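One structure is given below, encoded as structure tokens.
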Amino acid sequence: MAAVETLPRSDPRFETLAQLNERIVKCVQCPRLRAHSCKVAQEKRRAYLDWEYWGLPVPSFGDPNARVLALGLAPGAHGSNRTGRPFTGDGSGDFMYPVLHELGLASKSRAIARGDGLKLRHAWIASVVRCAPPGDKPQPQEIRNCGTHLADEIQALPCIRVVVCLGKIAFDGYLAFLLQTGVIARKSEYRFTHGAHYLLPNGLHLLATYHPSLRNTNTGRLNRTMFTRIFLRARELAGLVV
């Protein structure tokens, strides 16, 4: 799988991450999300009628030795739900990957499809929900269901030093994970704002940014300079040299 392609098979994490991705792809915990993802994959969008949509839960992607975890909301109905890889084939990815490429975190500036040769360096991309939700709004229980995947994933990525939450839902979802695992005592001490930075009790750094959705980037709420500054800060905090 793409998520573990940079690891030698002799590394015990290869099997752990591969098994985790397989479990994610087979997950059926959320009937509403599975029904919606499958419906979108069958009906398709006119521009992608010749595509065979992925239509399954989307596994994470990146460098298993990542120091930076970028945590998003959920697969886009005609983006990741179509291509099977986070932030691939939609406007959010078109905005994000050029920034990651410029900062040396991605090998290419465009994410088109699985197998396009794009690789991440020092970075891992995941989401708090792995299936495309109706209206981009997962329900609280659906986020909790996916929390087990995120918890296992973080455990298998011991080099993570910085978590960048892309949007408030991702931010709240990550705080729920921290609360459940006893890292923080209460969520009220952590407030989402663009550019927020918190040093967590476990030594990790938490950064927040507006989500790179078209709703934000087309209206100017989030621009490239703002987004680049977040990941520049993430690199610095992770001890990476630009």
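Values for this structure:
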read-out: For the chain, size of Cβ-based charge dipole, Lys and Arg +1, Asp and Glu -1, in debye; value: 460 debye
read-out: Full-extension gain in nm, Gln155 to Leu214, via 0.36 nm per residue minus C-alpha separation; value: 18.0 nm
read-out: Counted charge near Gly239, where neighbours are those whose Cβ lies closer than 9 Å (Asp, Glu -1; Lys, Arg +1); value: +2
read-out: Most positive-pole-ward Cα, Asn65, Thr148, Ala35, against dipole of the chain from beta carbon charges; value: Ala35
read-out: Estimated FRET transfer efficiency (Ala113, Arg23; beta-carbon r; R0 22 Å; 0.05); value: 0.45
read-out: Cα-only Debye scattering, region 68-154: base-10 log of I(q)/I(0) at q = 0.12 Å⁻¹; value: -0.35
read-out: Cα coordinate range in region 111-242, projected on the principal axes (Å, largest first); value: 39, 36, 32
read-out: Label-point separation in nm, Ala185 to Gln42, each point 7 Å along Cα→Cβ; value: 5.2 nm
read-out: Heavy-atom accessible area order for Ile169, Ile112, largest first, 1.4 Å probe; value: Ile112, Ile169
read-out: Tail fraction, Cα-Cα pairs, region 195-242, threshold 13 Å, whole percent; value: 59 percent
read-out: Residue among Leu103, Val163, Phe192 farthest towards the positive dipole end of the chain, charges placed on Cβ; value: Phe192
read-out: Angstrom value of the Kirkwood radius, inverse mean 1/r, which spans all Cα pairs in the chain; value: 17.8 Å
read-out: Longest DSSP-loop-exposure-free segment, GluC sites (Glu not before Pro), the chain, at most 15 other Cβ within 10 Å; value: 53-242
read-out: Separation in nanometres of the label points that stand 7 Å from Cα toward Cβ, at Met226 and Leu200; value: 2.4 nm
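The values are calculated or read from the model by the stated rules, or taken from the named source; none is laboratory data. Because the structure is predicted, anything quoted here is derived from the model rather than measured. Here the Cβ is made from the backbone with ideal geometry for all residues, glycine too, and neighbour counts use every protein chain on show. With ligands, DNA and RNA removed, areas are computed over all heavy atoms of the protein, side chains included. Shrake-Rupley method; radii C 1.70, N 1.55, O 1.52, S 1.80 Å.
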